[in-house]
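Only one structure is covered here, and it is reproduced in the block below.
The values are calculated or read from the model by the stated rules, or taken from the named source; none is laboratory data. Everything quoted here is computed from the prediction, not taken from an experiment. Neighbour counts are summed over all protein chains in view; Cβ atoms, including those assigned to glycine, are modelled from backbone coordinates with ideal geometry.
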Amino acid sequence: MSSVAAVVLAAGGGRRYGMPKALVEYEGSLLVERAVRTARAACDVVLVVLGARAVDVWRAADLTGATVLANEDWETGMASSLRTGLDGLRAFPGTVDAALVTLVDMPGMTPAALAALAAHAAPDALAVATYDGVRAHPVLLGRDHWAGVIATATGDEGARRYLAEHEVVEVDCAGLADPADLDVPPPGVPSAP
């Protein structure tokens, strides 16, 4: 059985939201706590990549069971966080065959959706969740692809260009999770300064 690790990308400053999404409280817990709990329910190894206000997030959030990595270049976009996470997995004790990449701002993500992707884990795997035929997160990146993803990831694009150039297994996650992300505060919820 292949070993899969979750990489939770939680470094952004949340420019449109008005604050780092890792510090956003949602239904009684911080988004980063929800993302880590969900990832831990599906994977034994969880890395969380912090950036904007990383020390505040580290102090405020219960990240039990996750390895925390700091992305000093978080302002350059999501690609730098993806590179940080994949580089962190390369240095992780033991061998991880695949990275299951998920985002902090998707509170509707579930262990079931992560497990559906994790079932495809292998060193040469590339898989992406789809919802009603539309590609979204999570994304599974086999170890054999990490160097290529790291080399091509730029700005806020992450692995998109790499995936477009390779054969990818699409995993239907409709009904398993809600792929909506929180780009702006819900109506009636003020953003923090």
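Tabulated results
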item	result
In region 89-127, residue modelled with the lowest pLDDT [restricted to those that are β-branched (Val, Ile, Thr) and surrounded by 22 or more Cβ atoms within 10 Å (Cβ to Cβ)]	96
Pick from region 7-34, criterion farther than 24 Å from residue 111 by Cα and touching a residue at least 24 places away in the same chain (Cβ under 8 Å), ranking: surrounded by the fewest Cβ atoms within 10 Å (Cβ to Cβ)	16
Subset of region 158-184 (residues that are assigned to a loop (DSSP other than H, G, I, E, B), farther than 19 Å from residue 121 by Cα and touching a helix residue (DSSP H, G or I) at 6+ places or on another chain (Cβ under 6 Å))	158
Of all residues making up region 24-40, the number that are in contact with a helix residue (DSSP H, G or I) (Cβ under 7 Å, 6 or more places away or on another chain) and modelled with pLDDT of 95 or more	5
Condition check for residue 105: charged (D, E, K, R) and in contact with a Pro (Cβ under 9 Å, 6 or more places away or on another chain)	no
Entirely in region 1-104, the strands (runs of 3 or more DSSP E) that have 3 or more residues that are closer than 17 Å to residue 138 by Cα	4-10, 45-50, 98-103
Which numbered condition residue 151 fails, given (1) surrounded by fewer than 15 Cβ atoms within 10 Å (Cβ to Cβ); (2) without any contact (Cβ under 8 Å) to a residue 40 or more places away in the chain; (3) not in a helix (DSSP H, G or I)	(3)
Lone qualifier among 54, 42 - being over 21 Å from residue 121 (Cβ atoms) and surrounded by fewer than 23 Cβ atoms within 10 Å (Cβ to Cβ)	54
Search result, residues across region 71-86 that are surrounded by 15 or more Cβ atoms within 10 Å (Cβ to Cβ) and not hydroxyl-bearing (Ser, Thr, Tyr)	71, 74, 77, 78, 79, 82, 83, 85, 86
One residue from 113, 121 being in contact (Cβ under 8 Å) with a residue 40 or more places away in the chain and outside any loop (DSSP other than H, G, I, E, B)	113
Conditions (1) in contact with a Gly (Cβ under 8 Å, 6 or more places away or on another chain); (2) more than 20 Å from residue 24 (Cβ to Cβ); (3) not aromatic (Phe, Trp, Tyr); number of the one not met by residue 49	(2)
